[in-house]
Amino acid sequence: MKILVTGSSGLIGSEVVSYFAALDNNMIGIDNNMRADFFGAGGDTRWNQQRLLNQFKNFRHFEIDIRDRQQVLQFIEKHKPDVIVHTAAQPSHDLAASRPFDDFDVNATGTLNLLEACRRFTPESPFIHLSTNKVYGDAPNNIRLKELELRWEYDDAAFSNGISENFTIDQSKHSLFGASKLSGDVMVQEYGRYFGMNTTCLRGGCLTGPNHSGVELHGFLSYLIKTNLEEKVYKVFGYKGKQVRDNIHSYDVASFIEQFIKKPRSGEVYNIGGGKSNSISILEAFSLISSISGKEMKYEYVEEHRSGDHICYYSDLSKIQSHYPDWKLTKNLSMVFEEITENWHKRL
């Protein structure tokens, strides 16, 4: 197969390239290192691009800006990929507020450009879109919670397994990032339902792994672990540091994409994350990384939480596992932390 991956130098994009290149597919990556523009030197992904080029002879890299409609249309017309995996994005809540045009142009317009190019030139190709749980806005904060020693937890039996795909996406604060990602998400669904294309939105929890260029504005676990290893100070924004996220290793995302390609569906939506078993609070994460690194976690507390931030969120994986029973999580939290730690030791 010829597989196109957008954002191919990023965390999920590079994992998808590695996963499918190892299976002898013809891999095409497009990435213009916009992460460095968004986040500075810490967000630069050129090292990851070079790693892929060195490791895989069946991988080709192209400098394409997905905001450039004509460039995208011409590229898809020329290469006609058998599969499109769309991971390119502006991923930060905070940055979106200061650069709203860039945020929307990448997350919404860029997604539309790719969808329309796919419809015109390769409509049978599965289109897998990496969406986000931020499409639900801050509505999960309306769920009754109970406060435990180190974390918040749902106090409503209806959410004992987490947030499902039928949770509301309306009447809440999303952040501009969440709104732009929701625009792309709905458009991906519409191209599936309206045009009959094989499209899916993967609404990720905290997507993580060793090849993340984590920074304060984006990359929760990667940045937290890096901060610990460098013995710097981590800022905790509100909620007593007990806010909870579910974390999924990028490998497990790539393995699901393989399952979807084998049995594609039209206009489908899946919450994909670590689920309850891979959920962790910031305070719990401090304890786990300290046990691995042997270094005390230094942090300071900021009373004001990030606007639109979730207090507690983990994905209900019931639907994705019922549709694709051969898929399962293979990386638990300890494995995730250890892999990220090992990789930062090589890079720092």
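The values are calculated or read from the model by the stated rules, or taken from the named source; none is laboratory data. Just so we're clear, the structure is a prediction, and the values are computed from it rather than from any experiment. Counting neighbours? That spans all protein chains shown, and the Cβs are built from the backbone with ideal geometry, glycine included.
List of remarks:
Yes/no matrix, rows are residues, columns are (1) within 16 Å of the chain's Cα centre (by Cα); (2) in contact (Cβ under 8 Å) with a residue 40 or more places away in the chain; (3) farther than 23 Å from Phe256 by Cα:
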residue	(1), (2), (3)
Ser131	yes, yes, no
Glu153	no, yes, yes
Asp156	no, no, yes
Gly162	no, yes, no
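- Complete set of residues in region 204-245 that are under 12 Å from the mean Cα position of the chain (by Cα), within 15 Å of Lys331 (Cα to Cα) and not small (Gly, Ala, Ser): Cys206, Leu207, Thr208
- Selection of strands (runs of 3 or more DSSP E) fully inside region 86-199 by the criterion of at least 3 residues being surrounded by 22 or more Cβ atoms within 10 Å (Cβ to Cβ) returns 127-132.
- Residue check, Glu230 of a type in the set (D, E, K, R) and closer than 24 Å to Arg67 by Cα: no
- Those residues of region 70-80 which are in contact (Cβ under 8 Å) with a residue 40 or more places away in the chain and either surrounded by 23 or more Cβ atoms within 10 Å (Cβ to Cβ) or part of a helix (DSSP H, G or I) (or both), in sequence order: Val72, Leu73, Phe75, Ile76, Glu77, His79
- When region 235-265 is filtered for residues that are under 21 Å from Glu124 (Cβ atoms) and not in a helix (DSSP H, G or I), the ones remaining, listed by number, are Lys263, Pro264, Arg265.
- Test: residue in region 243-266 that is out of contact with any helix residue (DSSP H, G or I) (no Cβ under 7 Å at 6 or more places or on another chain) and modelled with pLDDT under 95: no
- Candidate set: region 240-299, residues that are under 22 Å from Gly13 (Cα atoms) and charged (D, E, K, R); chosen: the one surrounded by the most Cβ atoms within 10 Å (Cβ to Cβ): Asp246
- Applying the criterion of being polar (S, T, N, Q) and in contact with a helix residue (DSSP H, G or I) (Cβ under 7 Å, 6 or more places away or on another chain) to the residues of region 31-55, the residue that is surrounded by the fewest Cβ atoms within 10 Å (Cβ to Cβ) is Asn33.
- The number of residues in region 303-348 being of a type in the set (Gly, Ala, Ser) and modelled with pLDDT of 95 or more comes to 4.
- Any hit, region 291-300, residues being more than 30 Å from Ile3 (Cα to Cα) and acidic (Asp, Glu): yes
- When the test is whether a residue is touching a residue at least 60 places away in the same chain (Cβ under 8 Å), over 19 Å from the mean Cα position of the chain (by Cα) and in a loop (DSSP other than H, G, I, E, B), His305 passes it.
- Cβ-Cβ under 7 Å pairs, at least 6 apart or on other chains, region 266-294 side under 18 Å from Glu231 (Cβ atoms) and in a strand (DSSP E or B), far side at pLDDT 95 or above and of a type outside the set (Asp, Glu): none
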